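Heads up: the structure comes next, in structure tokens.
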Amino acid sequence: MRQFKNRKAFTLIELLFVIVIMGIVGGLALEALRQYYEGIYRTGEYTKRVAQADQILEQLAKYFENGISASIIRLDQNDAAFGSVCNGVPVAGDDGNDYTIAFVAVDDEGVRGFWDGIRWRPGWTSDVLSIGTNLVSADANYTALDNISDLDTNPDRAAIFRVDGLGEGADECHRFGWDLTGLPDTENHTYATIQSVDSDTNLTLDKVLSISGQANRAYLLRTAYAFRARNGVFSMYSGFQPWNGELYSSVAQRILGDNVAHFTIMYDASNTTVNSSVGNVYTLKICMNGIDANLNDSTLPQNQICRERMVHVRY
């Protein structure tokens, strides 16, 4: 008769050893799984925030393209109260501070013209005659532009910008009305406000736009724009007119994005000089909140996700 060999069972020490090994292997597997899914989440959040930053920059570029280079200004450094401080023009090496970036833009409708029912007609021409307080242009149609939106109604009178007048008047904070304190802007011939639309080709202004009688590259101004990052929210302000004494804080904000930690504009004067006759290239920079080690939103500079875009400001 065949006899079976008796096998010994695991000893307690051997059983504990097996349990410890299985625990270590299981722990390593769980950690690997955690890191795998954390990596997926972190990559997904990074991709999403990069896309958000690029989308914001795409929107910004469209507004900045019609901006006047000499009017681009930094306001309200590092969350100062709305419209309280004018910090001057953007300078190289000052991209670590937050500002409200504001500028005056050439009216897009005036540049684009209007449809008269048969063909597109020029609504505005940049070469005008300045005769006293009258502005004359045989190629314009001021009546059509006035019908689109009133040019001569208080308190929102539109203005005429004259490129070759930038050398006159006060400094950049006062030139377009960003800073209402200090000396009055009585000698500023960079722009004049429209008092009345007299005909298709004639306007009456509040002052003489050009004493020479000829104004080259004169453009219609209806609004300024301001962009501000505050408490993670990135907002745009439009529909205000600094030349009429209005601050951007007087209009409602339009939210362009959230999770924005930092916004700045950079200009390198070593490559080009500010010249509204040819336009200038600026760098727009948006930084989104990053993700820290615990997968929480982080505003720390080392965690921020930053994107830049160069834009040609045409005027």
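Taking every residue in the stretch 293-307 that is more than 23 Å from Gln35 (Cα to Cα) and of a type outside the set (Phe, Trp, Tyr) and pairing it with any residue that is surrounded by fewer than 16 Cβ atoms within 10 Å (Cβ to Cβ) and at pLDDT below 80, at least 6 positions away or on another chain, the pairs with Cβ-Cβ distances below 9 Å are Pro301/Gly96.
Listed by first and then second residue, the pairs with beta-carbon distance under 7 Å, at least 6 apart or on different chains, first residue in the stretch 33-57 and surrounded by 13 or more Cβ atoms within 10 Å (Cβ to Cβ), second of a type in the set (Gly, Ala, Ser), are Gln52/Gly257; Ile56/Gly257. When the strands (runs of 3 or more DSSP E) confined to the stretch 221-315 are screened for residues that are of a type in the set (Phe, Trp, Tyr), at pLDDT 90 or above and under 17 Å from the mean Cα position of the chain (by Cα), those reaching at least 3 such residues are found at 233-240. Checked against (1) modelled with pLDDT under 75; (2) within 28 Å of Asp150 (Cβ to Cβ), Ile68 passes all but condition (1). Of all residues in the stretch 130-165, those being outside any helix (DSSP H, G or I), farther than 13 Å from Leu209 by Cβ and out of contact with any strand residue (DSSP E or B) (no Cβ under 8 Å at 6 or more places or on another chain) number 7.
The values are calculated or read from the model by the stated rules, or taken from the named source; none is laboratory data. Note that the coordinates shown come from a computational prediction; the quantities given were computed from them, not determined experimentally. Using ideal geometry, Cβ is built from the backbone for each residue, glycine included, and neighbour counts are taken over all protein chains shown.
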